[in-house]
Amino acid sequence: MAGWFWYAVVAAVLYGAHQIFTKLAADRVGEGLGGFVVEATAAFSILVYLAFLWLASRWNQQSSAQGIIYSILTGICVGAGTIAFFLLFQKGGPLSAVPAILAGGAAIMAVAGILFFREPPSWQRIVGIAFAIIGLFLLRK
């Protein structure tokens, strides 16, 4: 088993819980304030992690200008995506729509991996991209 597998499992569980809690919050807080609370809490959680690394003498946080710029772009995508999910749920979108939406994102990532990062275009990736596109079209109903 690949060394990253369990990190993928934990990330999947946490991002799944993220959408469940967003759905629960959406009717109880505005999308802007809710999104801000989500992202501020996420930033605080990461700050606690960084403090742990520092205090445990395990600090190894290198950076470059490009890394910072890409991290900022990532933050913009996460923030805007969080607001979009709040609006989706506030407008009556079902929680069950999230897997198809995330599959669409997965298809974008798979295509980018093949086109820009020279990852091999295996038949499994191609089938996954096709299913993601089909799922997004079926979501329209």
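The values are calculated or read from the model by the stated rules, or taken from the named source; none is laboratory data. Just so it is clear, the model here is predicted, and its values are computed rather than measured. Neighbour counts run over all protein chains shown; Cβ positions are idealised from the backbone, glycine included. Accessible surface is based on the protein model in full, side chains and every heavy atom, while ligands, DNA and RNA are left aside. Shrake-Rupley method; radii C 1.70, N 1.55, O 1.52, S 1.80 Å.
Name the helices (runs of 4 or more DSSP H) wholly within the range 1-93 that hold at least 2 residues that are surrounded by 10 or more Cβ atoms within 10 Å (Cβ to Cβ) and among the acidic types (Asp, Glu)?
Hits in the range 1-93: 31-55.
So which pairs qualify, if the first residue must be in the range 108-137 and more than 25 Å from residue 97 (Cα to Cα), the second must be assigned to a loop (DSSP other than H, G, I, E, B) and open to solvent by 60 Å² or more (accessible area, probe 1.4 Å), the Cβ gap must be under 7 Å, and the two must be at least 6 apart or on different chains?
Hits for this filter: 114/121.
Counting only residues that are in a helix (DSSP H, G or I) and of a type outside the set (A, V, I, L, M, F, W, C), which one in the range 110-141 is least open to solvent (accessible area, probe 1.4 Å)? Give the derivation first.
Narrowing the range 110-141 to residues in a helix (DSSP H, G or I): 110-116, 123-139.
This time we only want the ones that are of a type outside the set (A, V, I, L, M, F, W, C), so: 113, 124-125, 128, 135.
Values: 113: 2, 124: 102, 125: 88, 128: 38, 135: 21 Å².
This residue is 113.
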